[in-house]
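The values are calculated or read from the model by the stated rules, or taken from the named source; none is laboratory data. A quick note: this is a predicted structure, and the numbers were derived from the prediction, not measured. Quick reminder, even Gly has a Cβ in these numbers, built from the backbone with ideal geometry, and neighbours come from all protein chains shown.
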Number of protein chains: 2
Amino acid sequence: MKDLTTVYQHGTLAMLVAGLFEGTMPLSELLTHGDSGIGTADSLDGELVIVDGKAYQVRESGEVVEMTPDTKIPFASVHYDDVDAEQTHIENMNDRQLQERLIKDHNMFNVFYAIKITGTFSHMHTRVVPRQEKPYPKLTVATKVQPEFEQDQVHGTIVGYFMPYLFLGAAVGGIHWHFINDARDFGGHILDFQLASGDVSVQVLENLNQHLPVNNTPFRDAQMNLQQVGDEINEAEH
Amino acid sequence: MKDLTTVYQHGTLAMLVAGLFEGTMPLSELLTHGDSGIGTADSLDGELVIVDGKAYQVRESGEVVEMTPDTKIPFASVHYDDVDAEQTHIENMNDRQLQERLIKDHNMFNVFYAIKITGTFSHMHTRVVPRQEKPYPKLTVATKVQPEFEQDQVHGTIVGYFMPYLFLGAAVGGIHWHFINDARDFGGHILDFQLASGDVSVQVLENLNQHLPVNNTPFRDAQMNLQQVGDEINEAEH
């Protein structure tokens with residue numbers, strides 16, 4: 001039976017901050033823990049969006065490809081979408097207003113939540129992290145210049161999470177969401193949007209199952225600067 | 001089949017820091033996730049030590065009682081002990097030396113570990129957090145005065161964890177361990193010890209399954225000061 005109460009996370013954002021971009025879990029294994037989610041690919045090769053059990057990779061060219069099962073993932077969060085979750089219909093709202101409303105209405109602050117929005121966006125603005133080469137730089141360097149993409153009147157799906165700020169470092173604190181359109185040829189990490197009309201469902205998650213790549217030597221040997229990790233995540237991910 | 005790779009944690013230390021001492025999970029439910037572990041009881045009523053599937057509560061009087069299944073737990077970490085884990089025999093070492101050796105030898109820094117030590121301690125020094133009354137104070141106030149207990153030439157078991165400092169706030173960063181003697185009449189949160197002769201086993205844990213009491217209103221509404229949580233944990237737990 002599908003566990004509808006857990007977000008499973010492989011890797012941590014602190015690892016990316018430290019430049020650990022090497023994929024450490026095959027997509028096929030990741031997908032045994034959920035059918036929806038977000039993340040990135042080996043070498044920070046684009047933005048990962050998982051919808052209905054299919055994993056789409058939005059690459060720095062803007063191209064979207066369906067990932068092969070053997071693709072290695074350094075960092076991703078997944079869960080099983082609760083198809084029976086209550087939906088709220090929303091019209092004419094931008095990303096800031098919607099974030100504020102979701103967090104307040106559901107009192108999200110201290111708890112894990114999955115968020116899914118399906119609808120028509122009068123505007124959607126994304127960015128995509130560019131693939132890195134070894135020796136990998138730090139995340140703040142890798143994310144300094146990122147291609148941005150925009151479309152108007154686009155229908156598609158947002159998948160994302162609210163994570164309590166207590167878990168900043170393991171994850172992004174607050175809401176972090178990615179977009180994929182219905183045609184599966186446009187998407188990425190969301191910068192901003194204007195939702196024209198859509199259905200929003202949120203799913204409270206009691207558990208964070210944090211998995212670490214315990215057999216990966218660079219991860220085991222990494223010296224992470226925990227004093228700065230929160231600041232660097234906020235610089236790179238927002 | 002028992003999952004030997006996961007530490008399951010109910011609640012967070014940040015909740016205790018904020019004074020959320022109310023038990024939120026029955027012991028019987030906690031024990032479906034492991035047969036070994038540490039934690040505290042409702043109202044911060046003593047130190048919890050779980051060994052071989054039995055949960056012992058060391059109370060502020062020094063008395064040790066076996067907990068009843070319906071006791072509510074605000075915070076605990078449990079795992080299934082790997083009885084086949086390799087053991088290292090250690091003689092004449094104090095707690096500081098042993099911590100340093102375990103962390104270095106196993107390169108624990110970035111990973112979750114369970115630690116179990118069975119042996120004879122020429123000296124064991126513990127403390128026990130006193131039970132609190134509502135309205136609960138903050139953890140740093142509750143832990144200001146704590147009864148301490150000492151025994152020489154005592155045989156017993158240490159159960160504890162190494163948690164990466166990235167998870168400070170959710171848990172204690174570094175090693176956190178509790179003791180219970182074989183006679184089950186002495187134990188608590190370890191302050192220091194001298195191990196005369198014992199067997200040490202460590203168990204690498206790939207997963208932290210962090211469970212939150214999502215239906216507990218005080219937790220949902222709590223405003224936690226994340227700027228100070230690390231400092232307050234270090235003040236209260238060390």
Conditions (1) under 21 Å from residue A:125 (Cα atoms); (2) in contact (Cβ under 8 Å) with a residue 40 or more places away in the chain; (3) surrounded by fewer than 22 Cβ atoms within 10 Å (Cβ to Cβ) -> residue A:101 fails only (2)
So which residues in the stretch B:1-21 are farther than 21 Å from residue B:81 by Cβ and crowded, with 22+ Cβ neighbours inside 10 Å, if there are any at all? B:11, B:12, B:13, B:14, B:15, B:16, B:17, B:20, B:21
Only one residue in B:62, B:34 is assigned to a loop (DSSP other than H, G, I, E, B), away from every other protein chain (no Cβ under 14 Å), modelled with pLDDT of 95 or more and within 20 Å of residue B:163 (Cα to Cα). Which one? B:34
Consider the stretch A:154-164. How many of its residues are over 12 Å from the mean Cα position of the chain (by Cα) and touching a residue at least 40 places away in the same chain (Cβ under 8 Å)? 2
Of all residues in the stretch A:180-238, which are more than 8 Å from chain B (Cβ to nearest Cβ), more than 25 Å from residue A:139 (Cβ to Cβ), among the acidic types (Asp, Glu) and not in a strand (DSSP E or B)? A:182, A:185
Scan the stretch B:3-18 residue by residue and report those that are part of a strand (DSSP E or B), within 13 Å of the chain's Cα centre (by Cα) and polar (S, T, N, Q). B:9
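Residues checked against (1) among the β-branched types (Val, Ile, Thr); (2) away from chain A (no Cβ under 14 Å); (3) touching a Pro at 6+ places or on another chain (Cβ under 9 Å):
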| residue | (1), (2), (3) |
| --- | --- |
| B:105 | no, no, no |
| B:111 | yes, no, yes |
| B:121 | no, yes, no |
| B:133 | no, yes, no |
| B:155 | no, yes, no |
| B:165 | no, no, no |
| B:170 | no, no, no |
Having 3 or more residues that are touching a helix residue (DSSP H, G or I) at 6+ places or on another chain (Cβ under 9 Å) and farther than 28 Å from residue B:169 by Cα is the bar; report the strands (runs of 3 or more DSSP E) wholly within the stretch A:74-159 that clear it. A:87-94
I'd like the full set of residues that are surrounded by fewer than 17 Cβ atoms within 10 Å (Cβ to Cβ) and either modelled with pLDDT under 85 or acidic (Asp, Glu) (or both), limited to the stretch B:194-225. B:199, B:221, B:225
Looking at this structure, is residue B:144 at pLDDT below 95 and not acidic (Asp, Glu)? yes
Looking only at the stretch A:160-173, count how many residues are small (Gly, Ala, Ser), part of a strand (DSSP E or B) and modelled with pLDDT under 95. 1
Given the criteria under 21 Å from residue B:161 (Cβ atoms), more than 14 Å from chain A (Cβ to nearest Cβ) and part of a loop (DSSP other than H, G, I, E, B), does residue B:39 qualify? no
